[in-house]
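Structure first, commentary second.
The values are calculated or read from the model by the stated rules, or taken from the named source; none is laboratory data. Worth saying up front: this structure is predicted, and the values here are computed from it rather than measured. Glycine also receives a Cβ, built like all others from the backbone with ideal geometry; neighbour counts cover every protein chain displayed. Quick note on the areas: whole protein, heavy atoms, side chains included, nothing else; ligands and nucleic acids left out. Shrake-Rupley method; radii C 1.70, N 1.55, O 1.52, S 1.80 Å.
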Amino acid sequence: MTSLHTHGPIAGHQAGLFWLLFILGSVVYMLVMTVLAIALFRRHSEGKDNGFIIGGGVVLPSIVLAVLAYATVHVTNETTARASNPLHVEVTGYQYWWRVAYPGTPQAITANEIHIPVGRPVEIGLRSVDVIHSFWVPELAGKTDLIPGQRNVLTLTADKAGTYRGQCAEFCGLQHAHMAFLVIAEAPDRFDAWLADQARPATGFTGLAGQAELEHQSCAGCHTIRGTSAAGTVGPDLTHLMSRTTIGALTAKNTHENLAAWVADAQSMKKGAVMPPIPLSGAELDDLIAYLETLR
Ligand code: CUA
């Protein structure tokens, strides 16, 4: 994760501004140190030099600050400008995960893994249900806070297909460090196929023992599986759980073992997460995981 290795125009502008500040700052620093060294080693003063004081103390700083002010305002305008024909995505921060919705396709709800099409601007609405979080994908754009009671907007574009890691950048509690996410930029047709797939409900009643268990256990009070009676909104939507590569907002890879460990006792993997340990027998846990693994 580095904001200097950029893959989109917004992050590119911001990295450019960083380099301008860094280079100008370095030049000014070296200039001041040189003058200081001369002053220290000069034996005696030859009277006042008003020209030097006005040039070095007023004119030069004014020019440097004016250049930086112009560049900063310019980059701010570029990065906050309304994009034409953007894809709208709504991201909501929870302690400690991200809910992701696509208003153009209201059925498509996911968590922690945000797919976007390459080359198209994405306007991301940012809200929080609890405390202040901060949405940060260094390779694509700078940070924007998610503030309770307010909707902030961040625009970004990915120039190249790839998976970009993001991280909550505002300390928000015990598991702030495990409040990560992925932005997966893919070709527009692949993105469209993915979005259509996310919008589809889970395949009704599967007949698997684990499904009945999930709907009767406390699971359904917190999680939604569209197409079943599970309609909780406290935790992530699990309708297409297996289309995600990670669980627990990138706490672990989405493997059979990790999923079972997570369901049995999420607290041992992510202490402070809302999910309580689920008291299940070995066979019940196996059934439940077998059902979850059908949610593709
Ligand atoms: Cu959310 Cu730190």
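Summary of values
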read-out: For the range 18-96, with +1 on Lys and Arg beta carbons and -1 on Asp and Glu, the positive-most of 76, 63, 89 along the dipole; value: 63
read-out: Chain lengthening between residue 64 and residue 44 when straightened (0.36 nm per residue, less Cα-Cα); value: 4.1 nm
read-out: Rounded to 10°, Cα long-axis angle of helix 188-199 versus longest principal axis of the chain; value: 50 degrees
read-out: Cα centroid separation - the range 143-189 against the range 258-291, whole Å; value: 27 Å
read-out: Accessible surface, the range 84-164, averaged per residue in Å² (probe 1.4 Å); value: 36 Å²
read-out: For the range 210-248 and the range 26-69, distance of Cα centres in Å; value: 65 Å
read-out: Net charge, residue 111 excluded, C-beta distance under 15 Å - Lys, Arg +1, Asp, Glu -1; value: +2
read-out: Highest to lowest packing among 149-160, 27-38, scored as the average C-beta count within 10 Å; value: 149-160, 27-38
read-out: Of all accessible heavy-atom area on the chain, the percent that carbon and sulfur account for (1.4 Å); value: 63 percent
read-out: Mean Cβ count within 10 Å, highest first, over the residues of peptides 280-288, 230-238, 54-62; value: 230-238, 280-288, 54-62
read-out: The range 157-296 - charge dipole about Cα centre, Lys and Arg +1 at Cβ, Asp and Glu -1, debye rounded to 20; value: 340 debye
read-out: Positive dipole terminus of the chain, leading residue within 229, 134, 116 (C-beta point charges); value: 134
read-out: C-alpha long axis of helix 9-41 to longest principal axis of the chain, angle in °; value: 30 degrees
read-out: Distance cut-off 18 Å, percentage of C-alpha pairs in the range 139-296 lying past it; value: 65 percent
read-out: Environment charge at residue 174 (Cβ cut-off 11 Å; Lys +1, Arg +1, Asp -1, Glu -1); value: +2
read-out: Per-selection Kirkwood Rh - the chain (Cα, Å, 1 d.p.); value: 22.0 Å
read-out: Using alpha-carbon coordinates, inclination of helix 60-80 to the longest axis of the chain, degrees; value: 20 degrees
read-out: Test item: Cα-centred dipole of the chain, Lys/Arg +1 and Asp/Glu -1 on Cβ, debye; value: 980 debye
read-out: Label-to-label distance, nm, for residues given as residue 189 and residue 1 (7 Å Cα→Cβ offset); value: 3.5 nm
read-out: Size of charge dipole - the range 121-171 - debye, nearest 20, with Cβ of Lys, Arg +1 and Asp, Glu -1, no other charges; value: 60 debye
